Amino acid sequence: MIRFAALLLAILVAAPARADERVITLSSTTSTQDSGLFGHILPLFTAVSGITVHVVAVGTGQALAIGARGDADALLVHDRVGEDKFVADGFGIDRRDVMYNDFVIVGPRADPARIRGLKDAREALKRIAAAAAPFASRGDDSGTNRMELRLWKSAGSDPHGGWYRDLGQGMGATLNIAAAMNAYTLSDRATWANFKNRQDLEILAEGDPALFNPYGSILVNPAKWPKVKYNDAKTWHEWLTSKAGLDAITSYRINGEELFFPPRPATTH
């Protein structure tokens, strides 16, 4: 009985603390999660704001859909076309550039499609298709998947057949499957840098301006969804796009390599 009373007292004491806790929901991409960026910057934000950020890491298409339902307070995603539509449709406000990096095409060391060293992503994809070399596609309507499909289209290719695997997986899982299959895939550079199970995979094509990968922060529109935690989300949004937030982002490195960079004018249109 004494133990039960002590447990009940502990619950009653803890309850107000949980009620007072400030938590926002951030709908974001698997690349920001799988790269390790959130593990680095979120504790820094919480330390200065007292706000905890709960991340729902999914593909950008799903992240935008979650925001459109009012089930998140803010978004951090990487598909500018989708972001602009999200705001234009009234679901989000105050879209801001946050950072950028780039995509790379990774593949097996043997490189059956002979793309090693190419700086033309479209040509690399043409060669992969011509060789019917195994290619692992995220297939999850993520920002990475949307970029991949745009590249195939601009290359004049319609990938299909047994060599093209549509996985419906996040970036980390897709890289694991690509490693097991000895397949090519498109990855953001940060997730690749944090990926440990590379086996025979390596970067084979990079450096094409078409592989530019900007990220944007958006607040879910409180006029559309009054239940959102707008004030705390705005605190996050403003910190993320401030010098303090940018310093936190650019200080994240893997083996000394900076993986995310300050936004540049090319991300704005």
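The values are calculated or read from the model by the stated rules, or taken from the named source; none is laboratory data. Values in this document were obtained by computation on a predicted structure and should not be read as measured data. Backbone-built Cβ (ideal geometry, glycine too); neighbour counts: all protein chains shown. Accessible surface is based on the protein model in full, side chains and every heavy atom, while ligands, DNA and RNA are left aside. Shrake-Rupley method; radii C 1.70, N 1.55, O 1.52, S 1.80 Å.
Within the stretch 129-156, the set of residues being out of contact with any helix residue (DSSP H, G or I) (no Cβ under 8 Å at 6 or more places or on another chain), under 21 Å from Arg189 (Cα atoms) and open to solvent by 60 Å² or more (accessible area, probe 1.4 Å) comprises Leu149, Arg150.
Taking each residue of the stretch 115-144 that is under 27 Å from Gly216 (Cβ atoms) and free of Cβ contacts under 8 Å to residues at least 24 places away in the same chain and looking for partners that are open to solvent by 60 Å² or more (accessible area, probe 1.4 Å) and not in a helix (DSSP H, G or I) with beta-carbon atoms closer than 7 Å, six or more apart or interchain, yields nothing. Each residue in the stretch 107-128 was checked for being hydrophobic (A, V, I, L, M, F, W, C) and either out of contact with any helix residue (DSSP H, G or I) (no Cβ under 8 Å at 6 or more places or on another chain) or within 24 Å of Ala65 (Cα to Cα) (or both), and 3 pass. When restricted to residues that are within 25 Å of Glu258 (Cβ to Cβ), in a helix (DSSP H, G or I) and either out of contact with any Asp or Glu (no Cβ under 6 Å at 6 or more places or on another chain) or among the β-branched types (Val, Ile, Thr) (or both), the stretch 180-192 contains 3.
One residue stands out among those in the stretch 47-103 that are among the acidic types (Asp, Glu), under 23 Å from Gly170 (Cβ atoms) and touching a helix residue (DSSP H, G or I) at 6+ places or on another chain (Cβ under 7 Å): the one that is modelled with the lowest pLDDT, which is Asp79. Candidates are the residues of the stretch 193-239 that are among the aliphatic types (A, V, I, L, M) and farther than 30 Å from Gly256 by Cβ; the one that is surrounded by the fewest Cβ atoms within 10 Å (Cβ to Cβ) is Ala223. Taking each residue of the stretch 233-254 that is modelled with pLDDT under 95 and looking for partners that are assigned to a helix (DSSP H, G or I) and surrounded by 14 or more Cβ atoms within 10 Å (Cβ to Cβ) with beta-carbon atoms closer than 6 Å, six or more apart or interchain, yields Ile254/Ala193; Ile254/Asn194.
Has the stretch 193-200 got any residue that is assigned to a helix (DSSP H, G or I) and either free of Cβ contacts under 8 Å to residues at least 40 places away in the same chain or under 20 Å from the mean Cα position of the chain (by Cα) (or both)? Within the stretch 193-200, one or more residues are assigned to a helix (DSSP H, G or I) and either free of Cβ contacts under 8 Å to residues at least 40 places away in the same chain or under 20 Å from the mean Cα position of the chain (by Cα) (or both). Of the listed requirements (1) open to solvent by 20 Å² or more (accessible area, probe 1.4 Å); (2) within 20 Å of the chain's Cα centre (by Cα); (3) over 27 Å from Ile93 (Cα atoms); (4) not hydroxyl-bearing (Ser, Thr, Tyr), Gly162 misses just one: (2).
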